[in-house]
Amino acid sequence: MVLTIFGAFSAAKVSHRWFESFSIPGYSAYETNQKVLKTFGTGERPPFVAVFHANGDITKVNLERSIDRAAGVNPGSRVSSYVNTHNAMYLSKDRHTAFAEIYPPGENNFTEDVHINDVRSALAANAPPGVTTHLTGLLPLEDASSGGGSGPSVLTEALIGGGGALIILLFVFGTVPAVAMPLAIALAAILNTFTLVWGLTYITDVSIVVQFLIALVGLGVAIDYALLMIFRFREELAAGEDLETALTETMTHAGRSVIVSGTTVAVGLLSMVILPLPFIRSIGIGGMLIPAVSVLVSITLLPAMLSFLGLRINKLRVMPKRMVAVSDPETSWWGRWASFVVRRPWPVAAVGTAIVGLLLFYGLQLNPSEAQAKDFPGKGDAITGRQMLADSGISPGAMKPFVILSSKSDVAEVVSGVQDVRGVEGAAAPTGWSQDGKALVEAIPSDDGSSKAVRGTIDRVKNALPPGATLGGVAPEDRDFVHAVYGNFGYVLLFVILLTYVLLARAFRSLLLPLKAVILNLVSLGAAYGIIVFIFQQGHGSEAIWNVPATQSIIPWIPLMIFAFLYGLSMDYEVFMLTRMREAYDETGDTKTAIQLGLARTGKLVTSAALVLMFAFFVLSTSPGTDIKQFGIGLAAGIIFDATVIRALLVPALVRLMGRWNWWLPQWAARPLRTRASAPAPEARPIPESA
């Protein structure tokens, strides 16, 4: 409790130490952009796109003052336009519309203001008579898609998530002490995690994203573990056990499950350190602390609180008595469902497989890429400017122009070589874009920088460059990011699969149960991808509910982070359920009975825990950014899908079909796992725990 109070102090301190940028060391486009930033002070942020329109020839009016005043809002901005290049690629074919690229200085981060509204005002106030102006580009479009706001704070999101969890817990337990304890454990886990992350910031950079993960994942995971232990404690008390015995049984079985579950969640997050991206690694290390601390709090503070409360955990009833009383699991709805699955495993497995197969079909169509400019939602000047560019026939590549860094002596060769590349509208070396013997060339691709078509253009431009010249810009760096993540994703997957398999083989004392668990978790992950593809990539309901049109892509970091969290969190439910089945099998020696008892005793627990987590993640979808909406909905839908279709249909049905081979662990495998062997006997005799 003392550490938790200190955690409130730590949370305030760490808020000033978050790392708000990201790097892709060793990748060409990122390194080029960093060199441009160091030399010219700009180059990491995407440019503003200033749009000018006149009824006559736009080249006959002087746009220089308007452009200079707009660029002056952020001192040090770099500008390209028809004014300082006389290149027709900055004009529409009818010469009624022109655009200018204004690159704001500084590093790209989450919070620093680039004064979008001030730039827009300066642009309009200094425009020549008869010329209308608009300010668009990636930064203004992102601002428009978020309504110009920043969305709920971390505290607000945690409070909303906690409120939803409170309602669910009231229906699960119905008494004040039983409801309050999971929330108290979640608070302790969150604040103590902030203490450790505060210390971590003095060792390495920690991404600002970690604060959201601590608040919401910490809330969900800690409540999950508290639910498991409180369920077991109340069950033991209801069976007539005294306080000490009830607590001992709870820690022996539920406490062990919590440790195994927390370890698998931590492994999923720790796998992020394999990727060559410092900010992703920091998310992995920081995120790993969330389940680790939740486990520590659950096996120290929670049993102490249970020991203190004892039978009083069922006092202060605020819901009907039937919700407070601990009923016989075998006669509950879950008990009846378990009996049905045991009698009809093939039809249940077929239904679950059909649902999973449909979602996997969509999941295989996943396109990890930044959204194209035309797909950004919202309204206002940025959207109007984007539409004016499109109506004028100007390439959408203006939103993410290429920037080539070369020596000053090679500029002419770069311009002549790049402008003839298929997929490039034109290339120019604007006045003032040279310094210290280095110079920059800007090229406008014919396609949106986030489209599939531009990938080939990037390769062709690289091949057209002379030795010493390198390609930079937002679009090539985005492509480097995708390569860095998904080019190494196989190693991440292998690391997670092997480590979780070993952990679960020891926990379940089986070779087949952990294999089934790993495969079903991957299937559940693919189904979660299918859900976000169906909703956001293809646009079924995204615009009606979240005002986000079909993006034709999923933002690249979303599948990665969904994998990191959903793989471990889904494994929680697998561990809860199969640990109870293993315990029942050791007592009875009968697979059918083990399935019935295991599912009956954990069905309500798993569903309740999933609802808590689902609500916590669903809160994320209230944030304004499309990326956070995709992340929140992907996790929320994935969690509830896993708890219902996977755990209620496929897991018990497959365990029933695998029969006695579920429990097979030969001596040669048991020895290195430091556990006892298990023979696949048709009717094994119960093995005492003391053995």
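The values are calculated or read from the model by the stated rules, or taken from the named source; none is laboratory data. The model shown is predicted, which means the values in this text are computed figures rather than measured ones. Cβ sites come from the backbone with ideal geometry, for glycine too, and all protein chains shown count toward neighbours. For the accessible areas, the whole protein counts, side chains as well, though only heavy atoms, and no ligand, DNA or RNA atoms are used. Shrake-Rupley method; radii C 1.70, N 1.55, O 1.52, S 1.80 Å.
Across region 239-261, what is the number of residues that are of a type outside the set (A, V, I, L, M, F, W, C) and under 25 Å from residue 570 (Cα atoms)? Looking only at that region, the number is 8. Here the helices (runs of 4 or more DSSP H) wholly within region 584-660 that include at least 2 residues being touching a strand residue (DSSP E or B) at 6+ places or on another chain (Cβ under 9 Å) and within 17 Å of residue 526 (Cβ to Cβ) are 626-641. Note on region 116-126: residues that are modelled with pLDDT under 95 and farther than 17 Å from residue 382 by Cβ amount to 0.
Take the conditions at negative phi, not in a helix (DSSP H, G or I) and not hydrophobic (A, V, I, L, M, F, W, C) and apply them to residue 95. Does it pass? So residue 95 fails the test.
Against the list (1) hydroxyl-bearing (Ser, Thr, Tyr); (2) modelled with pLDDT of 90 or more; (3) over 30 Å from residue 257 (Cα atoms), the condition residue 510 fails is (3). If you go through region 507-555 and keep only what is surrounded by fewer than 18 Cβ atoms within 10 Å (Cβ to Cβ) and either under 30 Å from residue 253 (Cβ atoms) or touching a Phe, Trp or Tyr at 6+ places or on another chain (Cβ under 8 Å) (or both), you end up with 515, 519, 522, 538, 540, 550. The residue that is farthest from residue 187 (Cα to Cα), counting only those in region 2-30 that are open to solvent by 70 Å² or more (accessible area, probe 1.4 Å) and at pLDDT 90 or above, is 13. Within region 229-238, how many residues turn out to be open to solvent by 30 Å² or more (accessible area, probe 1.4 Å) and under 24 Å from residue 572 (Cα atoms)? Total meeting the criteria: 2. Considered as a group, the residues in region 147-185 that are polar (S, T, N, Q) and open to solvent by 30 Å² or more (accessible area, probe 1.4 Å) include one that is modelled with the lowest pLDDT, and that residue is 150. When region 612-631 is filtered for residues that are crowded, with 23+ Cβ neighbours inside 10 Å and either in contact with a Phe, Trp or Tyr (Cβ under 9 Å, 6 or more places away or on another chain) or among the basic types (Lys, Arg) (or both), the ones remaining, listed by number, are 617, 620, 626, 629, 630, 631.
Residue pairs whose Cβ atoms lie under 7 Å apart, separated by 6 or more positions or on different chains, with the first residue in region 540-560 and closer than 15 Å to residue 637 by Cα and the second surrounded by fewer than 20 Cβ atoms within 10 Å (Cβ to Cβ) and aliphatic (A, V, I, L, M), are 542/550; 559/366.
Here the condition is being closer than 26 Å to residue 18 by Cβ, modelled with pLDDT of 90 or more and among the small types (Gly, Ala, Ser); of 76, 130, 106, it holds for 76 alone.
Scanning region 186-223 for residues that are among the hydrophobic types (A, V, I, L, M, F, W, C), within 28 Å of residue 314 (Cβ to Cβ) and buried (at least 24 other Cβ atoms within 10 Å of the Cβ) yields 186, 188, 189, 190, 219, 221, 222, 223.
One residue alone among 609, 594, 564 is small (Gly, Ala, Ser), out of contact with any Pro (no Cβ under 7 Å at 6 or more places or on another chain) and under 25 Å from residue 366 (Cα atoms), and that residue is 564. Of all residues in region 205-243, those being among the hydroxyl-bearing types (Ser, Thr, Tyr) and either out of contact with any Gly (no Cβ under 9 Å at 6 or more places or on another chain) or part of a helix (DSSP H, G or I) (or both) number 1.
Let's see how each residue does on (1) open to solvent by less than 40 Å² (accessible area, probe 1.4 Å); (2) among the aliphatic types (A, V, I, L, M); (3) within 32 Å of the chain's Cα centre (by Cα):
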site: 227; (1), (2), (3): yes, yes, yes
site: 240; (1), (2), (3): no, no, no
site: 248; (1), (2), (3): no, no, no
site: 257; (1), (2), (3): yes, no, yes
site: 261; (1), (2), (3): yes, no, yes
site: 265; (1), (2), (3): yes, yes, yes
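Per the conditions (1) within 24 Å of residue 507 (Cα to Cα); (2) within 15 Å of the chain's Cα centre (by Cα); (3) open to solvent by 10 Å² or more (accessible area, probe 1.4 Å); (4) not charged (D, E, K, R), the sole criterion not satisfied by residue 668 is (2). Of the residues 501, 567, the single one that is open to solvent by less than 50 Å² (accessible area, probe 1.4 Å), among the aromatic types (Phe, Trp, Tyr) and in a helix (DSSP H, G or I) is 567. Could you check, for region 594-603, whether at least one of its residues is open to solvent by 10 Å² or more (accessible area, probe 1.4 Å), touching a residue at least 40 places away in the same chain (Cβ under 8 Å) and closer than 30 Å to residue 491 by Cβ? No: zero hits. So, of the residues in region 353-394 that are within 13 Å of residue 145 (Cβ to Cβ) and of a type in the set (Gly, Ala, Ser), which turns out to be modelled with the lowest pLDDT? By that ranking, first place goes to 378. Here's a check for you: in region 40-79, which residue that is in a loop (DSSP other than H, G, I, E, B) and charged (D, E, K, R) is surrounded by the fewest Cβ atoms within 10 Å (Cβ to Cβ)? By that ranking, first place goes to 57. Restricting the first member to region 220-244 and to residues that are without any contact (Cβ under 8 Å) to a residue 60 or more places away in the chain, and the second to residues that are part of a helix (DSSP H, G or I) and open to solvent by less than 20 Å² (accessible area, probe 1.4 Å), the beta-carbon pairs closer than 7 Å and six or more apart or on different chains are 232/250; 232/254; 236/246; 236/250.
Just wondering, is there one or more residues in region 433-455 that are crowded, with 20+ Cβ neighbours inside 10 Å, in a helix (DSSP H, G or I) and either at pLDDT 95 or above or of a type in the set (Val, Ile, Thr) (or both)? Scanning region 433-455, I find at least one residue that is crowded, with 20+ Cβ neighbours inside 10 Å, in a helix (DSSP H, G or I) and either at pLDDT 95 or above or of a type in the set (Val, Ile, Thr) (or both), so the answer is yes. Scanning region 438-465 for residues that are under 15 Å from residue 421 (Cα atoms) and hydrophobic (A, V, I, L, M, F, W, C) returns 441, 443, 444, 453, 454, 458, 461, 464, 465.
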